[in-house]
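What follows is calculated from the coordinates using simple rules that are stated; it is not laboratory data. Model, not experiment: these values are computed from the prediction. Positions of Cβ are backbone-derived with ideal geometry, glycine not excepted, and every protein chain shown enters the neighbour counts.
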Amino acid sequence: MALLLSTSALQCLALAVAPQHLLKRSVLSLSFTQLASLLLLWARTDLHSGVFSQVLCLGDGWVCLGVCYTSLWVLSLSAFLFPLCVVLVQGRRAVAAFVGIQTCTLVALLSLDLVFFYVAFESSLILLFLLIGRKVYGSLSAAYSISIYTFSSALCFLATAFAVHFSTGSTNVLLGGETTHGFVAAGLFALMAVKAPLMPVHLWLPEAHVYAPTAGSVMLAGVILKISVVGLHLYVLPFYGDFLATWFPAISALCFTSFLWSSYSTLKQIDLKKIVAYSSISHMAIVTLAALVNSGLGLQGSVLYCVAHGLVSPALFLLVGVLYKHTHTKLLLYIRGLSYTAPVLWTALVFFTLGNLSFPLFPNFIAELVCLAALFQVHELYAYVFIVFSALSTIYSSVMLGKLKGGESAQLLDVSRADAWLLAPLFISTVVTGFGML
């Protein structure tokens, strides 16, 4: 863990001392070092010895860092996707913003203190706010939408954090205990529901994806949304099991409503980025529902779905970015005949769309089966509703591919060699992960 934190500190140092022409290369080299340090952390971590491993306390215990099963997987996604984001961005300020986002997400995933976790998580969203609200191609309305939802959840969190501290004596997950106040559990769940996001607090995500740069969408879909699942696993499930069991029917109804409404909204979209964004909302509803089952199978299913979605969804955003680079539009109305003029791009789009709709042998399919088995443990009615609703993803994916394939041929270039190098790691990882989950 010390090596992982050191590489992150060196990336921040490179922003201050590296010259302009060497900055991107230096940060990229350090990102590969960070990925190697994470592999070393996997080798040294014994997840069977306890819930937390590699615990590091700083400043008389007021800051505690450590890893668990969930955070280690999301850390792996973060270290894997960050080099792709560095390659995509241009300019010193853009590189600095993504280094800051990576550092904040790293600290949030390693934190074992509720307040420290929240501060680091919100700091990453502040940097994302700056990216979305940029002058060129950005939108202040979308950026302010993030700030409004974040500010509202922050007010809810402050009351919850004070209640946790006064009830248990600490906000540290290693020192705290369960509190009998139901509103504390409700406040923590509301905080995670905004970050997941679930309906009706989900409207900030599609707008954020539309106006974020491609690298920002990759980081948002691949890593930042998954931090809410880590928060659920660390700060909600271990301490408020009785509350979740009591309110599980209402919570499951919220997750199913979010899944159904976002899938229906996807059918009405003509912006490719909004289509992928709304599908992400439906998938995160499944992840949240599986996690709140609060069983070993539900925990495993939610983590597997996080990994699968963290590979497929960023690849789809990359492909949308390639289309936008060649056509200067993301609207389905103006992109037709893709299979004739760009067969490689079309093949990659079909491949990752099949993964997004959980086609057999893809990691998303295996993860959905595990989530389905976890729902059967609670009640078979939840599982049957889940199966029926899952058919909607097949419908909107088929509609999107049909509109892109047919019609008059669009004049656009196929995937370049640089684009292929960016997509290759995601393609290989999706195939390896799919067969590895079998």
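Calculated on the alpha-carbon coordinates, the convex hull of the chain measures out at 133 cubic angstrom per residue. For the residues HIS165, HIS209, HIS233, a GNM of the chain with alpha-carbon springs under 10 Å puts the largest fluctuation on HIS165. Here the stretch 231-302 is treated as a sphere whose radius is the Kirkwood value from Cα pairs; by Stokes-Einstein at 10 °C and 1.306 mPa s it diffuses with a coefficient of 122 µm²/s.
Out of the stretch 344-432, which GluC sites (Glu not before Pro) are coil in DSSP terms and have no more than 12 other C-beta atoms within 10 Å?
GLU408
Multiplying each eigenvalue of the alpha-carbon gyration tensor of the stretch 292-438 by 5 and taking the square root yields semi-axes of 32, 17, 11 Å, largest first, rounded to whole angstroms. Computed across the stretch 376-432, the Kirkwood radius stands at 15.3 Å (inverse of mean 1/r, all Cα pairs).
Of all chymotrypsin sites (Phe, Trp or Tyr not before Pro) in the stretch 115-177, which ones are in loop regions per DSSP and have a Cβ with at most 11 other Cβ atoms within 10 Å?
Details: sites: PHE116, PHE117, TYR118, PHE121, PHE129, TYR137, TYR144, TYR149, PHE151, PHE157, PHE162, PHE166; in loops: TYR137.
Passing sites in the stretch 115-177 are TYR137.
In order along the stretch 357-365, the phi-based Karplus estimate (6.51 cos²θ - 1.76 cosθ + 1.60, θ = phi - 60°) of 3J(HN,Hα) comes to 8, 6, 5, x, 6, 7, x, 4, 5 Hz; Gly and Pro are listed as x. Exceedance of the 31 Å cut-off in Cα-Cα distance is limited, within the set LYS24/LYS405; LYS24/LYS403; LYS24/LYS226; LYS195/LYS268, to LYS24/LYS405; LYS24/LYS403.
Among the chymotrypsin sites (Phe, Trp or Tyr not before Pro) within the stretch 375-438, which fall in a DSSP loop and have no more than 14 other Cβ atoms within 10 Å of their own Cβ? Working shown, then result.
Numbers: sites: PHE376, TYR382, TYR384, PHE386, PHE389, TYR396, TRP421, PHE427, PHE435; in loops: none.
Sparse-neighbourhood loop chymotrypsin sites (Phe, Trp or Tyr not before Pro): none present.
Just to be sure I understand the model, the point goes 7 Å from the Cα along the line to the Cβ. What's the resulting ALA420 to PHE359 distance in nm? Rounded to a tenth, the inter-label distance reads 2.0 nm.
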